[in-house]
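The structure under discussion appears below in the form of structure tokens.
Every number in this text was worked out from the coordinates using simple rules, so none of it is lab data. Values in this document were obtained by computation on a predicted structure and should not be read as measured data.
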């Protein structure tokens, strides 16, 4: 696993300290994971959509569109 450091506003940090029973790193990890999965699903949907339209237009190298 890779370590990451992040900054939060002092006001937020003060609230987080009041709730030390919460594993804040786990909260952050889950939020990041959910967002990353959401982005990958959006990308997958766009790729599927573009690929379908490319095939309809006879573009044989449609996969080249997705090298990003």
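Which translational diffusion coefficient, to the nearest whole µm²/s, is obtained for the chain from the Stokes-Einstein equation, given a Kirkwood hydrodynamic radius over C-alpha pairs, 4 °C and 1.567 mPa s?
The Stokes-Einstein estimate is 83 µm²/s.
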Inset, instruction - Specify the residue with the greatest mean-square fluctuation among 44, 29, 57, computed from a Gaussian network of the chain linking alpha-carbon atoms under 10 Å apart. - result: 57
Legend entry - the chain: most fluctuating residue of 41, 21, 33 per GNM, C-alpha cutoff 10 Å: 21
Legend entry - Selected from 48, 30, 56 as most flexible by GNM, with the chain as the system and alpha-carbon contacts under 10 Å: 56
Legend entry - Rounded tilt (10° steps) of 24-56 against the dominant C-alpha axis of the chain: 10
